[in-house]
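Just so you know, all these numbers are worked out from the coordinates, no wet-lab data involved. None of the values given here were measured: they were computed from a predicted structure. In this analysis, Cβ positions are derived from the backbone assuming ideal geometry, glycine residues included, and neighbour counts consider all displayed protein chains.
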Amino acid sequence: MSTVEDDDSTPYGEYLVWFMRAVAVLWLAKGLMHWSLVIGLGEGPDTRFLGMPPMTQAATVFFAVLDLVAAVGLWMAAAWGGVIWLIAAISHVLLNLFMPHVFGRQLTFISVIIILVAVYLGLTFMASRRPAIE
């Protein structure tokens with residue numbers, strides 16, 4: 001006799017891996033954007049790294065490194081990748097909320113990050129409720 005839970009064949013673990021890889025691509029682009037500021041690609045008068053305030057320089061280098069590490073971890077679907085990504089995402093949200101002068105207000109981007117974190121946590125919860133098929 002089977003229950004409704006036994007018939008639930010939604011592969012949340014697979015959805016989680018695909019979601020992590022999609023976010024990894026976005027975070028790779030975000031990290032490369034920060035690196036382009038550091039090395040001066042596409043430099044304009046408002047984006048000269050050495051002309052930025054020290055707090056903005058520090059935040060740019062911090063996210064340039066952390067975002068790429070998070071992207072690699074997410075792509076590999078490693079547990080540490082999700083943790084590093086959550087640290088990077090929450091850091092970006094908190095920096096924008098409490099220190100808006102560093103990068104300026106990015107309400108749309110912050111909203112996207114909050115949605116991505118909520119989806120990640122939901123998928124992680126749903127995948128953990130389902131026993132692994134061996």
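If you plug the beta carbon distance of Ile114 and Val25 into 1/(1 + (r/R0)^6) with R0 = 25 Å, you get a FRET efficiency near 0.85. Positive end of the dipole of the chain (Cβ unit charges, origin at the Cα centre): among Leu26, Ser9, Trp80, the Cα lying farthest that way belongs to Leu26. Annotation: extensible slack from Ile90 through Leu50 equals 11.8 nm (criterion: 0.36 nm per residue apart, minus Cα-Cα distance). Mean residue ellipticity, 222 nm, helices only, the chain: the sum of -39500 (n - 2.57) across DSSP H runs of n ≥ 4, divided by residue count and rounded to 500, is -25000 deg cm²/dmol. As a size descriptor, the averaged projected area of the C-alpha convex hull of the chain was calculated at 9.5 nm². Label positions at Leu41 and Glu14, each projected 7 Å from the Cα along the C-beta direction, are separated by 3.5 nm. For the pair His101 and Val83, the difference between a 0.36 nm per residue extended length and the Cα-Cα distance amounts to 3.8 nm.
Determine the relative contact order of the chain: mean sequence separation of Cα pairs under 8 Å and six or more apart, normalised by residue count, in whole percent. Please report the intermediate quantities before stating the final value.
On the way: 119 pairs, mean separation 39.1, N = 134.
Reported as a whole number, the value is 29 percent.
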